[in-house]
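To start, the structure under review is shown below, and the notes come after it.
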Amino acid sequence: MSVQVGVIARNTFTELVRQRVFYIILVFALCAIGSSIFMARLTFQEEFQMLKDVCLGAMSIFTSLLAILATASFLPKDIEDRTLYNLLSKPVPRFVYLLGKLSGIILLLLLFTLLMSAVFFLVLWLREQSVLLQTRSDFREAAPEELGAALKAVTDATFNANLFPGILIIFVKSVLLASLTLLISTFATSSLFTIMMAAAVYFIGHLQATAREYWLQGIEIKWWTRLLVALVALLFPDLQSFNLADDVIAGAAIPANIFLETFALGWVYTAVYFALSALVFAGREL
Amino acid sequence: MIRQTIALLLLGIFGIIKMPAEKSLDAAQRQAGLRGTALDLDLREMVGQRGFLAALSGFRSPLAALLWIEAHNAWERTEWGRMAALFDAVTTLQPRSLLYWDMASWHMAWNASAAALQDRSQPSEALRIRNQRQYFKLGRDYLERGIKNNPESSFLYRSLGVLLRDKFEDHCGAGEAFLKASQLPGAPSYTGRFAGYELARCPGRERMAYELLRKLYETEPDGRKPALIITLKELEKRLDVPESQRISSDVY
């Protein structure tokens with residue numbers, strides 16, 4: 001079974017790569033380098049903060065978009081070009097097909113996140129080196145401790161160990177979105193419907209925490225409003241939990257237990273949505 | 001259709017199971033200072049509908065960055081009122097960013113206040129001075145709100161100390177701010193000295209200032225700066241410290 005999953009995952013990955021999705025990396029690099037050049041007129045602290053804001057924001061947008069678009073398109077495409085019938089006529093269980101497809105997409109998302117992180121860290125490092133050089137030149141006649149303090153201020157403003165868990169959570173969020181989109185696509189009739197539904201779920205998911213608080217606080221509201229917020233709280237994932245990068249950029253530290261809980265919750269959502277996708281897809285008439 | 005109904009029911013059951021985990025994670029994240037931004041109607045008014053939608057969708061930090069750049073452009077055009085409005089939006093979107101609070105305060109208390117004092121369109125000097133003071137207060141307000149959101153930050157207490165010292169000439173307040181900064185993790189060593197210098201100029205706090213500076217003098221040989229020694233000697237005279245207990249007269 002694992003061999004079958006591996007083969008399908010590899011094919012899915014290759015297909016997606018052939019669709020030239022990696023051009024997004026080019027756009028991302030342009031975003032990072034362009035914003036870095038534009039922001040050179042700000043102070044270095046402002047510049048580094050903006051660079052992190054833009055790059056991690058772009059990473060979040062691109063991975064989320066890729067997760068939704070890549071997952072929404074594969075099932076209708078496989079039905080249209082008859083690949084699905086070819087595959088399922090062989091001894092390949094339907095859930096293996098879905099697992100292979102999802103694994104291929106996760107592989108692509110992982111590679112994407114790694115490449116974007118590499119571009120981001122490279123641009124950040126280059127800018128840091130440039131500011132360090134400038135600082136050394138500005139402080140060449142200053143006392144060694146003053147130079148040391150100035151250089152430390154530069155390095156403190158650039159790299160922050162918390163950026164890594166922040167990026168990992170962005171990746172987990174994109175995996176969750178891929179799994180959620182897969183669930184929608186198993187009963188959807190077109191990729192357009194899947195994309196629209198996934199986008200709606202994305203927005204509602206970011207409001208889920210508000211709905212949950214509203215529901216559980218016991219505020220006097222009409223019964224149908226209560227029912228609606230309860231449904232939102234129960235059926236949708238809390239996507240705000242995965243927006244830790246915003247706080248990481250601001251300098252907040254992510255405690256290890258919170259990172260692990262968030263990371264694990266992301267994979268639990270992914271596993272449950274996948275299991276439900278397999279359940280629905282097993283009964284779907286093809 | 002049956003499978004879809006079962007899937008929906010299972011999703012609901014999963015919802016009930018996941019609820020405690022989500023609630024506990026939410027509480028833990030808030031306790032750790034994460035998810036501190038209030039996405040409410042005040043923010044909606046500040047950033048507009050599209051901005052609010054972006055903030056709701058998890059793009060708070062890129063939105064804050066864009067608004068900060070807009071504020072920078074407003075600075076280049078010396079649009080102080082617009083800058084303050086943009087700073088309010090940015091700090092609401094990213095309340096954990098020390099840089100935003102500090103820079104917003106600096107722009108208001110140093111740049112906007114200086115511009116207000118030199119505003120030739122306002123013939124009354126009294127009104128110009130009043131406007132200047134309002135910008136000082138605005139600068140202080142940013143730092144105080146920043147501290148409220150980041151109580152563990154020595155950096156913002158240090159900035160507040162500098163502002164109170166240089167713009168308000170409030171030596172007692174500045175001393176307290178520097179003292180608080182010096183007690184927080186990661187504080188630069190000079191914050192303790194600055195607290196001593198300012199408290200030395202605060203009526204009724206001279207004894208505390210003396211003890212603080214004396215401790216630094218004794219424990220940090222590298223910290224025996226000329227200003228510290230001069231202040232200590234002045235305090236020894238004012239507090240009538242017995243000759244035998246005074247610092248060596250060999251230094252300065």
Where in segment A:80-172 are there helices (runs of 4 or more DSSP H), lying wholly inside it, with at least 3 residues that are among the charged types (D, E, K, R)?
-> A:94-138, A:144-158
Selection status of B:I17, free of Cβ contacts under 8 Å to residues at least 24 places away in the same chain, within 8 Å of chain A (Cβ to nearest Cβ) and exposed (fewer than 15 other Cβ atoms within 10 Å of the Cβ) | no
Filter segment B:43-73 for residues that are closer than 18 Å to A:A199 by Cα and of a type in the set (A, V, I, L, M) and give the result.
-> B:L53, B:A54, B:A55, B:L56
Can you tell me which residues in segment B:201-222 are surrounded by fewer than 16 Cβ atoms within 10 Å (Cβ to Cβ), touching a residue at least 24 places away in the same chain (Cβ under 8 Å) and part of a helix (DSSP H, G or I)?
-> B:R207
Based on what the data block shows, is A:I221 outside any helix (DSSP H, G or I) and surrounded by fewer than 20 Cβ atoms within 10 Å (Cβ to Cβ)?
-> yes
Looking at (1) within 8 Å of another protein chain (Cβ to nearest Cβ); (2) under 30 Å from A:S277 (Cβ atoms); (3) not small (G, A, S), which is the only condition B:R60 fails?
-> (2)
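Among the residues of segment A:226-254 satisfying the criterion of being assigned to a helix (DSSP H, G or I) and under 24 Å from A:A188 (Cα atoms), which is farthest from the other protein chains (Cβ to nearest Cβ)?
Residue satisfying both the conditions and the ranking: A:L228.
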Failed condition for A:G283, given (1) more than 9 Å from chain B (Cβ to nearest Cβ); (2) more than 16 Å from B:M19 (Cα to Cα); (3) without any contact (Cβ under 8 Å) to a residue 12 or more places away in the chain; (4) small (G, A, S), with all others met?
-> (1)
Can you tell me which residue within segment A:255-270, out of those that are touching a residue at least 12 places away in the same chain (Cβ under 8 Å) and more than 7 Å from chain B (Cβ to nearest Cβ), is nearest to A:S103 (Cα to Cα)?
-> A:T270
Tell me, please, whether a residue that is out of contact with any Lys or Arg (no Cβ under 7 Å at 6 or more places or on another chain), more than 13 Å from chain B (Cβ to nearest Cβ) and free of Cβ contacts under 8 Å to residues at least 12 places away in the same chain can be found in segment A:94-104.
-> no
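Of all residues in segment A:12-45, count the ones that are assigned to a helix (DSSP H, G or I) and either out of contact with any helix residue (DSSP H, G or I) (no Cβ under 7 Å at 6 or more places or on another chain) or among the basic types (K, R) (or both).
So the count comes out to 12.
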Any chance you could count how many residues in segment A:158-185 are hydroxyl-bearing (S, T, Y) and surrounded by fewer than 23 Cβ atoms within 10 Å (Cβ to Cβ)?
-> 1
Report, by residue number, each residue of segment A:8-24 that is surrounded by 15 or more Cβ atoms within 10 Å (Cβ to Cβ) and at pLDDT 75 or above.
-> A:I8, A:A9, A:N11, A:T12, A:F13, A:E15, A:L16, A:I24
Listed residues A:M59, A:M39; which is within 14 Å of chain B (Cβ to nearest Cβ) and touching an Asp or Glu at 6+ places or on another chain (Cβ under 6 Å)?
-> A:M39
Reported set for segment A:192-218 where residues are buried (at least 19 other Cβ atoms within 10 Å of the Cβ) and small (G, A, S) is A:A198, A:G205, A:A209, A:A211
Got at least one residue in segment B:187-195 being under 28 Å from A:E145 (Cβ atoms) and within 12 Å of the chain's Cα centre (by Cα)?
-> no
So A:D247 clears everything in (1) closer than 30 Å to A:Q45 by Cβ; (2) charged (D, E, K, R); (3) modelled with pLDDT of 85 or more except one condition, right? Which one?
-> (3)
Selection over segment B:29-67 where residues are modelled with pLDDT of 80 or more and of a type outside the set (A, V, I, L, M, F, W, C) yields a count of 6
Residue check: is B:W101 touching a His at 6+ places or on another chain (Cβ under 7 Å), part of a helix (DSSP H, G or I) and among the aromatic types (F, W, Y)?
-> no
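Let's see how each residue does on (1) farther than 24 Å from A:A271 by Cβ; (2) within 25 Å of the chain's Cα centre (by Cα); (3) crowded, with 18+ Cβ neighbours inside 10 Å:
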residue	(1), (2), (3)
A:K52	yes, yes, yes
A:S64	no, yes, yes
A:L75	no, yes, yes
A:R82	yes, no, no
A:L88	no, no, no
A:T113	no, yes, yes
A:W125	yes, yes, no
A:V131	yes, no, yes
For residues in segment A:199-225 being farther than 17 Å from A:G266 by Cα and of a type in the set (G, A, S), which is nearest to the other protein chains (Cβ to nearest Cβ)?
-> A:A199
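The values are calculated or read from the model by the stated rules, or taken from the named source; none is laboratory data. Since the structure is predicted, the reported quantities are computational estimates derived from the model, not experimental observations. Positions of Cβ are generated from backbone atoms using ideal geometry, with glycine treated the same way; all protein chains shown enter the neighbour counts.
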